Amino acid sequence: MEEFTVPTKLINMCKTCVQKTRSAVRIEGTLSSFFENKTGLKQGDTLSPILFNLAMQKVIQNIQMVPGGIKIGKEQLNVLAYADDIVLLGRNEIEIRQLFVEMGSAARKLGLQINQEKTKYMIVERKNVLRQKKDI
């Protein structure tokens, strides 16, 4: 969060919300004893999407550091992202694999996992065919 210039006071408040939290479970009207939550936020916590977006931004920044990608207009792009969907762009399969390895490494450092079952890839080629103009 410091990398994104989030004020220290706000960072400390967020840490308070996620560290040393305790929960209990109610089963058939009986409340269990409290236990310490080891990781993560409570389901539905309003901080969840904000922290996820910050983590994803860090992953995307790491991917953007990998050379390669494709040129669209004046921009050289190797990643597109929307919410939790990421598209890796490369000129060939080797570039895509390098991007995928970097994405996995950056995600793991932040405690994120890539769902292999939902991961798909597609190879698209565009062949430049020059056609001679013919007079009619």
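Of all residues in region 1-51, which are part of a strand (DSSP E or B) and either open to solvent by less than 50 Å² (accessible area, probe 1.4 Å) or touching a Phe, Trp or Tyr at 6+ places or on another chain (Cβ under 8 Å) (or both)? Selection gives Arg22, Ser23.
Gln113 meets the conditions (1) of a type outside the set (D, E, K, R); (2) in a loop (DSSP other than H, G, I, E, B); (3) surrounded by 12 or more Cβ atoms within 10 Å (Cβ to Cβ); (4) under 11 Å from the mean Cα position of the chain (by Cα) in every case but one. The failed one is (3). Among the residues of region 99-110, which ones are more than 12 Å from the chain's Cα centre (by Cα) and surrounded by fewer than 18 Cβ atoms within 10 Å (Cβ to Cβ)? Val101, the sole residue that qualifies. Scanning region 76-97 for residues that are in contact (Cβ under 8 Å) with a residue 12 or more places away in the chain and either among the hydrophobic types (A, V, I, L, M, F, W, C) or surrounded by fewer than 18 Cβ atoms within 10 Å (Cβ to Cβ) (or both) yields Leu77, Val79, Ala81, Asp84, Ile86, Leu88, Leu89, Arg91, Glu93, Ile96. Filtering Gly104, Gly73, Gly111 for residues that are touching a residue at least 60 places away in the same chain (Cβ under 8 Å) and of a type outside the set (Phe, Trp, Tyr) leaves a single hit, Gly111. Against the conditions (1) farther than 30 Å from Met13 by Cβ; (2) open to solvent by less than 100 Å² (accessible area, probe 1.4 Å); (3) assigned to a helix (DSSP H, G or I), Val66 satisfies every one except (3).
The values are calculated or read from the model by the stated rules, or taken from the named source; none is laboratory data. Keep in mind it's a predicted model, so treat the numbers as computed, not measured. Cβ sites come from the backbone with ideal geometry, for glycine too, and all protein chains shown count toward neighbours. These area figures cover heavy atoms from the full protein model, side chains too; ligands, DNA and RNA do not enter into them. Shrake-Rupley method; radii C 1.70, N 1.55, O 1.52, S 1.80 Å.
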